[in-house]
Amino acid sequence: MKYFISILIITIFTVACNNTPETPTELSLPETEGKVVTQRDIEEQSIKKYLNHKELQATEAESGLFYIIHGQGDGEPIDDDDDVTFDIIGKFLNDSEFYSSKTEGQPLGILIGQNMVVAGLEEGLRLLNKGGEATLYIPSHLAYGEEGSGSLIPPNTVLVYEVEVLSVKKY
C-alpha cells in the first residue's frame with residue numbers, strides 16, 4: 001500500500017504543478033570536429049556548467065548520472081528487492097523545486113529493481129546505505145526522456161534530486 005501511495009504522490013505532483021524549468025540560454029559545446037551533438041551531450045554539458053557555476057565537484061557514472069555523496073550511511077549497500085524508504089527533494093537545474101516529500105510529510109518507499117522510479121534515481125539510491133545522503137543530477141535519458149511527464153517535466157529535462165535514505169529492509 002505504501003508503494004501505491006508513493007507513486008500516487010509523485011503522479012499528483014507531476015500533473016498538478018505548472019512550474020517549468022528554464023532552458024539554458026547559452027550552451028557552448030567544445031569543438032565537435034564533425035561529430036553529431038546528441039541530446040545527451042547537451043545535457044552533460046548543462047550539468048557540468050551548472051556544477052562549475054555552483055563550484056561543486058560531482059562524480060560522473062558511466063550511465064551519465066552525476067552525483068555527490070554527502071554521507072554514505074551505515075549498513076549494507078542497497079540491492080535488488082530491498083525495501084527502501086527515503087526523503088526526496090526534486091529540482092530543476094534552475095534550482096526551482098517541483099517536489100518535496102518533506103513538505104508533504106510523507107517519505108517515499110520503493111522496492112529496488114522493480115522500476116518504480118526513474119532509472120537515475122534508483123541508480124543513485126544504490127550508491128547509498130541507510131542514513132546516506134546524496135545529490136543526484138539525472139540527465140533525461142535516465143529520467144523522463146523525450147516524453148517528459150505531464151505538464152511538470154518537459155521533454156529532455158535534467159532533474160536534480162536531493163535524497164536521504166531513511167530505512168532499508170532486506171528480503
Scanning region 108-130 for residues that are more than 19 Å from residue 63 (Cβ to Cβ) and without any contact (Cβ under 8 Å) to a residue 60 or more places away in the chain, which turns out surrounded by the fewest Cβ atoms within 10 Å (Cβ to Cβ)?
-> 129
Looking at region 96-104, is at least one residue touching a residue at least 60 places away in the same chain (Cβ under 8 Å), of a type in the set (Gly, Ala, Ser) and assigned to a loop (DSSP other than H, G, I, E, B)?
-> yes
Number of positions in region 109-160 that are assigned to a strand (DSSP E or B), under 15 Å from the mean Cα position of the chain (by Cα), within 21 Å of residue 75 (Cβ to Cβ) and not small (Gly, Ala, Ser) = 4
Enumerate the pairs (first residue in region 47-59 and surrounded by 11 or more Cβ atoms within 10 Å (Cβ to Cβ); second residue anywhere and in a loop (DSSP other than H, G, I, E, B) and modelled with pLDDT under 95) with beta-carbon separation below 8 Å, excluding pairs fewer than 6 apart on the same chain, so at least 6 apart or on different chains.
-> 49/24; 49/27
Positions within region 61-71 being in a loop (DSSP other than H, G, I, E, B) and either of a type in the set (Phe, Trp, Tyr) or exposed (fewer than 15 other Cβ atoms within 10 Å of the Cβ) (or both), in sequence order = 62, 63
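The values are calculated or read from the model by the stated rules, or taken from the named source; none is laboratory data. Note that the structure is predicted; figures quoted are calculated from it, not measured. Positions of Cβ are generated from backbone atoms using ideal geometry, with glycine treated the same way; all protein chains shown enter the neighbour counts.
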